[in-house]
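Chemist: Here you go, one structure.
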There are 2 protein chains.
Amino acid sequence: MKKRVSIKDIAEKVGVSTALVSYVLNGKEREARVGEEIAGKVRKVAAEMNYQPNLIARGLKFGRTNTIGLIVADISNPFFATLARSIELEAQKNGYTVLFGSSDEQLDKSQNLINTFLNRQVDGLIITPVAGSQSQIEELKKKGVKFVLMDRGFKDVETNVVVTDNHEAMYSAVKLLTEKGYRKIGMIAYDTPLTHMQDRIQGYKDALRNAGTRFKSEWLKKVPYLDYKEHVADAIAQMLKKGDELDALVFATNSISVQALKVIHARGIKVPDDLRIISFDESDTFEFFYATITYIKQNLNEISEKAVQLLIKNINATAPKTAKVIVPSSIVLGQSSK
Amino acid sequence: MKKRVSIKDIAEKVGVSTALVSYVLNGKEREARVGEEIAGKVRKVAAEMNYQPNLIARGLKFGRTNTIGLIVADISNPFFATLARSIELEAQKNGYTVLFGSSDEQLDKSQNLINTFLNRQVDGLIITPVAGSQSQIEELKKKGVKFVLMDRGFKDVETNVVVTDNHEAMYSAVKLLTEKGYRKIGMIAYDTPLTHMQDRIQGYKDALRNAGTRFKSEWLKKVPYLDYKEHVADAIAQMLKKGDELDALVFATNSISVQALKVIHARGIKVPDDLRIISFDESDTFEFFYATITYIKQNLNEISEKAVQLLIKNINATAPKTAKVIVPSSIVLGQSSK
């Protein structure tokens, strides 16, 4: 890159001191009693020379860069891509620019992105943490970095966090099925200790218990995040063996749902006649499935707003308190749960 | 944030000079003849104090930050989200970290992100430019910023660019239809001067001409990027009026295709019996449409690889030549074009 135009370059061109240029470009010409004419000239020359304020330097001086770093777990998943866009819109409303990184659900990438963002002097971070990253998050706390976890958190680490009402949402979805008299209800979830998944699983179990149904361990299949597709196919094959058919299946994420629907479609299973279905989160693909799908709709806009607002509040506070924000979701009814 | 641990802090703790610590942490202890024992101690103390190299300062000193800024047009579009992930994987292979921003197809956001990235000292940029951003791109050239355009470019601005064979791809798709004897072929595209769209439209027209069919202006509908959904519905309503039915429709992007398929589905039009269809790019939703969809498959991995490699080549070159890389695509045959 060519050399950046500096305040000194402008000062030399206009024939004034660098201090005067600095006052003008930082909007402090009145305090410094700079005349309007000379202030105008400085601004004009700065524009002509295409001066770009060095926000890193300004960040060091004023303590702010008005930039938020967002680390999502997998940018190629439409759920996170939508969330990222929503975060970006809310940040923009508040005068912040968002830079994203994608950790790909991998610990080393997560650490690398955290370092990259901190070295680039962002004012704070919004993170959807990956499994096993407790120590990375604890390190952030220790360093006094301003951050908010989103979508998921850790049981044992107290942090700012904004999440959906995961337990409540899955509880309500399963209750919908038990109230129609269905009892043999299976669940496919990801195999991860992260709280969002644990809360969804607990919501499912609690709804069964409250309906007087004893949970059977073979009703719950946990699939690994990597190569979940094969495992979803296997899980459905095992769960829908002839002779002990389930009444219904709930899926813990939209990726699992899309994959499960493909398998169900391919196996010729009729929804809802042979099997009732409820998904956590939606997908564009649902629109083309022969039956409309009942799903838990997270309020992504509210999650994003709350996360950005909580982060900004923390950036501005000297001794901020830790907050946990739970955002209510809703259920969109389709034919699949009839 | 708490104060960053500096080289000076480490030097004081170990009881050596800052120069010595700097040699060790930059892997230059041999050149500086630092003994192994003391080098080991410096590294140990640096790790204990959780020293993070200041990459901005290092970037200023060594001229590199090993960071690429990626500006995509709309992160909530699965096409760009997939591309972003692919860029990230390729960059990682080459030792670079990627930070993304989404311009939302908006000029001011595009400029803002360019400024944000440059102020954060990225080594170079990969950009899918938005309509009307020629002057932003020309400014980058003038400043000597290393960058590569991806997916789209400008007719009048010579830059590094990596694109699909847009003209060839759409030409082949329409030829597939004319060879089966279909002549009345419509197209729905975005209304934008960006080259990728212009090339796709020209490919469509050229294929018609070469098949001896005179193009009729009412066969081509250009919809605005914002609220394209309504416009796609209107376009299909106009194009499929009774009495002058089209034989086939080609769609210039996956977003347009998904929306068009919804409308076609809702109107009870039978694909391929009443209407043949070819899409540019794929979508997860296609899997649930009652007919398999024929689509042009861009080689996103190769586009990403080429873009990252071209950028890195430019970062390392002192007087790099401008390159235009065209990546071949393929057609995936489904029932919809029969």
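The values are calculated or read from the model by the stated rules, or taken from the named source; none is laboratory data. Model, not experiment: these values are computed from the prediction. Every residue, glycine as well, gets a Cβ built from its backbone with ideal geometry; the counts of neighbours run over all protein chains shown. Please note that ligands, DNA and RNA were not included when accessible areas were found on the heavy atoms of the full protein model with its side chains. Shrake-Rupley method; radii C 1.70, N 1.55, O 1.52, S 1.80 Å.
Chemist: Looking at A:Asn160, A:Asn119, which is the one that is out of contact with any Ser or Thr (no Cβ under 7 Å at 6 or more places or on another chain), over 28 Å from A:Ile277 (Cβ atoms) and not charged (D, E, K, R)?
Modeler: Of the residues listed, the single one that is out of contact with any Ser or Thr (no Cβ under 7 Å at 6 or more places or on another chain), over 28 Å from A:Ile277 (Cβ atoms) and not charged (D, E, K, R) is A:Asn119.
Chemist: So, one more: Looking at the structure I just gave you, is B:Arg85 open to solvent by 20 Å² or more (accessible area, probe 1.4 Å) and either touching a Leu at 6+ places or on another chain (Cβ under 7 Å) or modelled with pLDDT of 90 or more (or both)?
Modeler: Yes; evaluated as a whole, the condition is true for this residue.
Chemist: Follow-up question, since we're still on this one. When the residues of the range B:322-338 are narrowed to those that are surrounded by fewer than 14 Cβ atoms within 10 Å (Cβ to Cβ) and more than 27 Å from B:Lys180 (Cβ to Cβ), which ends up modelled with the lowest pLDDT?
Modeler: Filtering the range B:322-338 for residues that are surrounded by fewer than 14 Cβ atoms within 10 Å (Cβ to Cβ) and more than 27 Å from B:Lys180 (Cβ to Cβ), the one modelled with the lowest pLDDT comes out as B:Thr322.
Chemist: Under the condition of being in a helix (DSSP H, G or I) and at the interface with chain A (Cβ under 7 Å from one of its Cβ atoms), which residue from the range B:73-93 is nearest to B:Leu311 (Cα to Cα)?
Modeler: B:Glu88
Residue-by-condition table, conditions (1) surrounded by fewer than 19 Cβ atoms within 10 Å (Cβ to Cβ); (2) at pLDDT 95 or above; (3) over 29 Å from A:Asp74 (Cα atoms):
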| residue | (1), (2), (3) |
| --- | --- |
| A:Gly186 | no, yes, no |
| A:Ala189 | no, yes, no |
| A:Asn210 | yes, yes, yes |
| A:Lys222 | yes, yes, no |
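Chemist: Please go through the range B:74-90 and pick out each residue that is closer than 19 Å to A:Val98 by Cβ and not polar (S, T, N, Q).
Modeler: Once the filter is applied, which keeps residues that are closer than 19 Å to A:Val98 by Cβ and not polar (S, T, N, Q), the range B:74-90 yields B:Asp74, B:Ile75, B:Phe80, B:Ala81, B:Leu83, B:Ala84, B:Arg85, B:Ile87, B:Glu88.
Chemist: Shifting gears a bit: Quick one: in the range A:94-115, of everything that is within 17 Å of A:Thr65 (Cα to Cα) and touching a residue at least 24 places away in the same chain (Cβ under 8 Å), which residue is farthest from the other protein chains (Cβ to nearest Cβ)?
Modeler: In this case the residue turns out to be A:Asn94.
Chemist: Hey, any hits in the range B:297-306 for a residue that's closer than 18 Å to B:Gly153 by Cα and among the aliphatic types (A, V, I, L, M)?
Modeler: For the range B:297-306, residues closer than 18 Å to B:Gly153 by Cα and among the aliphatic types (A, V, I, L, M): present.
Chemist: Within the range B:126-141, track down each residue that is open to solvent by 10 Å² or more (accessible area, probe 1.4 Å), within 22 Å of B:Gln309 (Cα to Cα) and either basic (Lys, Arg) or away from chain A (no Cβ under 14 Å) (or both).
Modeler: Hit for the range B:126-141 is B:Lys141, nothing else.
Chemist: Report yes if B:Asp156 is more than 12 Å from every other protein chain (Cβ to nearest Cβ), open to solvent by 10 Å² or more (accessible area, probe 1.4 Å) and within 15 Å of the chain's Cα centre (by Cα), otherwise no.
Modeler: no
Chemist: Now for a different question. Go through the residues of the range A:305-320 one by one and say whether even a single one is open to solvent by 10 Å² or more (accessible area, probe 1.4 Å), outside any helix (DSSP H, G or I) and aliphatic (A, V, I, L, M).
Modeler: yes
Chemist: Only one residue in A:Gln259, A:Gln298 is within 14 Å of chain B (Cβ to nearest Cβ), within 25 Å of the chain's Cα centre (by Cα) and buried (at least 22 other Cβ atoms within 10 Å of the Cβ). Which one?
Modeler: Answer to the selection: A:Gln259.
Chemist: Ok, one more. Taking into account only those residues within the range A:277-295 that are farther than 25 Å from A:Val327 by Cβ and open to solvent by less than 30 Å² (accessible area, probe 1.4 Å), which is farthest from the other protein chains (Cβ to nearest Cβ)?
Modeler: A:Ala291
Chemist: While we're looking at this one, here's another question. Has the range A:108-117 got any residue that is open to solvent by 10 Å² or more (accessible area, probe 1.4 Å) and among the hydroxyl-bearing types (Ser, Thr, Tyr)?
Modeler: No: the range A:108-117 contains no residue that is open to solvent by 10 Å² or more (accessible area, probe 1.4 Å) and among the hydroxyl-bearing types (Ser, Thr, Tyr).
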